[in-house]
Amino acid sequence: MMTDEQLAEHHAEDDTLLEHLAGDGDRHEIPRDVDVGFVGDPEKLEALADALEAQGWDADEVYEGDDGEHVLEVVREQAITRELIHALTAGMIEIAEKFGVTYDGWGCHLEAGTDH
């Protein structure tokens, strides 16, 4: 089980990424696709994919990464405010632990809200 200190470390990493995005002009309140990654046993990742799809996430097929680890990536549209991302991280760590896999972080594209 993750300790409060470990969760705080994850949240500090979230804050660093959010600050970097903001520095590049990101508007965190604009919804965009947010990707979340997990690594672990392929059967456990498949079970996790099913559970997350039931919660509204789109799940890719489990694949073998360059380093030989099996990877699951899921995506959904949401804003990336600090509160939402901290909740996302905490929830994804919790579900990863429940399924016996490792949470590997989140990512997204910059969304400045300008017309292209």
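Could you check W57 against (1) open to solvent by 50 Å² or more (accessible area, probe 1.4 Å); (2) touching a Lys or Arg at 6+ places or on another chain (Cβ under 8 Å); (3) free of Cβ contacts under 8 Å to residues at least 24 places away in the same chain and say which number it fails?
Tallying (1) open to solvent by 50 Å² or more (accessible area, probe 1.4 Å); (2) touching a Lys or Arg at 6+ places or on another chain (Cβ under 8 Å); (3) free of Cβ contacts under 8 Å to residues at least 24 places away in the same chain, W57 fails exactly one: (1).
Somewhere in the range 29-48, is a residue in a loop (DSSP other than H, G, I, E, B) and open to solvent by 90 Å² or more (accessible area, probe 1.4 Å)?
yes
Please verify whether the range 93-101 includes one or more residues that are among the β-branched types (V, I, T), open to solvent by 30 Å² or more (accessible area, probe 1.4 Å) and outside any helix (DSSP H, G or I).
Looking for residues that are among the β-branched types (V, I, T), open to solvent by 30 Å² or more (accessible area, probe 1.4 Å) and outside any helix (DSSP H, G or I), one finds none in the range 93-101, hence no.
Is there a residue in the range 30-49 that is closer than 18 Å to E9 by Cα and either without any contact (Cβ under 8 Å) to a residue 24 or more places away in the chain or not aromatic (F, W, Y) (or both)?
Within the range 30-49 (the criterion being closer than 18 Å to E9 by Cα and either without any contact (Cβ under 8 Å) to a residue 24 or more places away in the chain or not aromatic (F, W, Y) (or both)), the answer is yes, since at least one residue qualifies.
Being open to solvent by 40 Å² or more (accessible area, probe 1.4 Å) and either under 11 Å from the mean Cα position of the chain (by Cα) or acidic (D, E) (or both) is the filter here; which residues of the range 73-83 pass it?
Correct list: E73, R76, E77, E83.
Kindly check whether there is at least one residue in the range 10-23 that is within 17 Å of the chain's Cα centre (by Cα) and among the small types (G, A, S).
Within the range 10-23, one or more residues are within 17 Å of the chain's Cα centre (by Cα) and among the small types (G, A, S).
The values are calculated or read from the model by the stated rules, or taken from the named source; none is laboratory data. If you're wondering where the values come from, they're calculated on a predicted model, not measured in any experiment. Neighbour counts run over all protein chains shown; Cβ positions are idealised from the backbone, glycine included. When the accessible area is computed, the model is the full protein with side chains, heavy atoms only, and any ligands, DNA or RNA have been set aside. Shrake-Rupley method; radii C 1.70, N 1.55, O 1.52, S 1.80 Å.
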